[in-house]
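Student: Sharing a structure here in structure tokens format.
Just so it is clear, none of the values below were taken in a lab; they were calculated from the coordinates. The model shown is predicted, which means the values in this text are computed figures rather than measured ones. Heads up, the Cβs are rebuilt from the backbone with ideal geometry, glycines too, and the neighbour counts pull from every protein chain shown.
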Amino acid sequence: AWRCLERQRVVSVHSRWTFDTANFNPLRANRPLASGVADGARRPDEVADNCEGPGNCDFCTVESMTCVEPFGRVRRKYCTTAGNAFKSGGLHGLVIWSRHAPHRLTPEEVTDGFAAADEWFDKAMQWDSKHGDGRMRHPVMFWNCFAGAGASQVHGHLQIQLFKAPGAREALF
């Protein structure tokens with residue numbers, strides 16, 4: 001069943017007029033979704049509390065329940081990186097904080113997450129230079145908290161991606 005994760009087909013559609021890009025990976029429809037919102041919880045604390053802990057959240061046990069990029073993980077004081085099992089384009093990883101509830105992160109924890117992303121970008125570029133074509137040089141980082149922003153997991157995490165060209169310009173090269 002996990003073989004489908006090894007070779008994922010991501011379809012990218014690029015507009016040469018607006019430079020918008022949309023990526024589609026059919027496998028992303030099978031992502032595990034966090035409970036909480038569907039259970040009637042409405043406030044961030046209720047949503048986060050309803051899905052926290054081993055057995056309720058894969059990211060709460062990041063070392064055993066997430067995949068690893070071929071260049072390994074970045075481990076810092078407040079977070080760890082993982083490969084994104086449901087990629088949406090380029091090299092696609094995650095920074096996963098130790099603290100479950102994203103709205104409770106401290107400035108120090110957020111800063112540590114950004115530093116982890118920076119280290120991940122460096123490792124990913126080095127890996128691409130040795131094992132890829134060496135053109136992955138354009139980092140993208142975004143943070144979607146809670147279901148309303150598109151997050152499938154409540155647990156605090158950043159999406160980190162590396163592309164061959166900046167933004168939607170990838171369509172032109």
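Student: Between Val140 and Thr111, what FRET efficiency comes out of the Förster formula 1/(1 + (r/R0)^6) with R0 = 22 Å and r the beta carbon distance, rounded to 0.05?
Tutor: Step by step, r from the Cβ atoms, then E = 0.70.
Student: While we're looking at this one, here's another question. Could you run the Karplus curve 6.51 cos²θ - 1.76 cosθ + 1.60 with θ = phi - 60° over segment 140-146 and give me ³J(HN,Hα) per residue in whole Hz, x for Gly and Pro?
Tutor: Karplus-based 3J(HN,Hα) across segment 140-146 equals 9, 9, 9, 9, 10, 8, 6 Hz.
Student: If you don't mind, there's one more thing I want to ask. Just grab the label-to-label distance for Asp133 and Arg16, each label 7 Å out from Cα along the Cβ direction, in nm (one decimal).
Tutor: Taking the simple label geometry, Asp133 and Arg16 are separated by 1.9 nm.
Student: Hey, can you rank 53-65, 105-117 by average C-beta count inside 10 Å, highest first?
Tutor: 105-117, 53-65
Student: Also, quick follow-up: Give me the dipole magnitude in Debye, nearest 20, for segment 62-138 about the Cα centre, with unit charges on the beta carbon: positive for Lys and Arg, negative for Asp and Glu. List each step's numbers first, then the result.
Tutor: Working: 11 positive and 10 negative charges, 20 e Å.
Here the size comes out at about 100 debye.
Student: What spacing in nm lies between the two simple spin-label points modelled at Ala147 and Asp45, each 7 Å away from Cα in the Cβ direction?
Tutor: Result: 2.1 nm between the two label points.
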